[in-house]
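Down below is the structure, laid out as structure tokens.
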Amino acid sequence: MKIFGIIGRYFLLMRRVFTRPQKGFVFRKRLFDEFQYLGVESLGIVAFISIFMGAVVAIQTAYNIANPLVSLSLIGFTTRQSIILEFSPTMISLILAGKVGSRIASEIGTMRVTEQIDALEIMGVNSANFLILPKVVASLLINPILIIISMWLGLVGGWAAIMVTGLCTSTDFVTGLRDTFEEFSIFYALIKTVIFAFIISTISSFHGYETEGGALEVGQASTKAVVVSSILIILFNLILTQLLLT
């Protein structure tokens, strides 16, 4: 029964979050701050992981289809499909769940245990809306951009790895990248990204907002936020794949 109580508190908190901001200019300022904290500061790790992820996928694909009867362009095709459909939207979202999710939970949790949230409530401010809504909106807007960058860098990393190792020619790899490309693949990846961004931002905010105690509890809330977000991302990845690709 405890899980139903947690789910109920989550939805009650979200009802407070998704209301009209009391001061639009304050919301916009906080929104742009969150773009910096949640998006721009994550660009480095996203780029690093994407390049090497693309390289590994390309090399492993080339290794597994080392057959003279199979066209080498299949390396580029398989790399493209793997990165766009799965690796970039899902793996990068899991990375962001660890980096961004822990930051959100620890930030809000620290404000809770130091009674800053109580002070906002005393002043008549909807603390849930004030603190959480900018993070959710920023995540929904900036995460798809990060994933698109990840896709591009992943393909570049795959191409670079193929060129360095000489497993196939640049012409074959690029031909595979362009072969039977469907725009729906990008659409599917971005749908997953938006839902994953919502999960990361709201679940992390919920665990931070519900924190009670001191510094130890803030750390525990941060850990719970990452674990729960990661589990839900994997679960919804299966559900969305079943709904959209079958």
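Since every read-out is calculated from the coordinates, none of them should be taken as a lab result. Fair warning: this is a prediction, and the values are worked out from it, not measured in the lab. Counting neighbours? That spans all protein chains shown, and the Cβs are built from the backbone with ideal geometry, glycine included.
Are there any helices in the chain, counted as whole DSSP H runs, that stretch 24 Å or more along their axis by Cα and score at least 0.0 on average by Kyte-Doolittle, and if so which? Don't skip to the answer; put the middle values down first.
On the way: long enough: 43-64 (31 Å, 1.75); 92-113 (30 Å, 0.85); 127-165 (54 Å, 1.76); 184-209 (37 Å, 1.46); 215-245 (44 Å, 1.65).
For the chain, where a helix must reach 24 Å along its axis and average at least 0.0, the hits are 43-64, 92-113, 127-165, 184-209, 215-245.
Using only Cα atoms, locate the centre of the range 128-181 and the centre of the range 196-246, then give the distance between them in Å, rounded to an integer.
What the calculation gives is 23 Å, centre to centre.
Determine, for 10, 63, 209, the number of other Cβ atoms within 10 Å of each Cβ, and report the residues in order from fewest to most. Could you put the intermediate results ahead of the total?
Working: 10 17, 63 11, 209 24.
With the fewest neighbours first, 10, 63, 209 line up as 63, 10, 209.
Using just the C-alpha positions of the chain as equal point scatterers, what log10 of I(q)/I(0) does the Debye formula give at each q in 0.11, 0.12, 0.17 1/Å?
Treating every Cα as an identical point scatterer, log10 I(q)/I(0) equals -0.64, -0.73, -1.17.
Would you tally the net charge around residue 109, using a Cβ to Cβ cut-off of less than 9 Å, leaving residue 109 out, and scoring K and R as +1, D and E as -1? Don't jump to the answer; show the numbers that get you there.
On the way: positive: 112; negative: 107, 210, 217.
Here the charged neighbours net out to -2.
Out of 215, 181, 8, whose Cα points farthest toward the positive end of the dipole of the chain (charges: +1 Lys, Arg; -1 Asp, Glu; placed on Cβ)?
Result: 8, furthest along the dipole toward the positive end.
Given axes a ≥ b ≥ c from the Cα gyration tensor, I'd like to know whether the range 141-194 is rounded (a/c under 1.5), prolate (a/b larger than b/c) or oblate. Please list the in-between numbers first.
Working: a/c = 4.36, a/b = 1.81, b/c = 2.40.
Oblate is the answer for the range 141-194, as a/c is 1.5 or above yet b/c matches or exceeds a/b.
Rounded to the nearest 20 debye, what is the charge dipole size of the range 1-138 about its Cα centre when +1 sits on each Lys and Arg Cβ and -1 on each Asp and Glu Cβ? Don't skip to the end; give the middle numbers.
On the way: 14 positive and 8 negative charges, 89 e Å.
Charge dipole of the range 1-138: 420 debye, to the nearest 20.
Toward the positive end of the charge dipole of the chain, about the Cα centre and with charges on Cβ (Lys, Arg +1; Asp, Glu -1), which of 152, 27, 90 goes farthest?
27
So how strong a dipole does the chain carry about its Cα centre when Lys and Arg Cβ are +1 and Asp and Glu Cβ are -1, to the nearest 20 debye?
Numbers: 17 positive and 15 negative charges, 105 e Å.
Dipole magnitude for the chain comes out near 500 debye.
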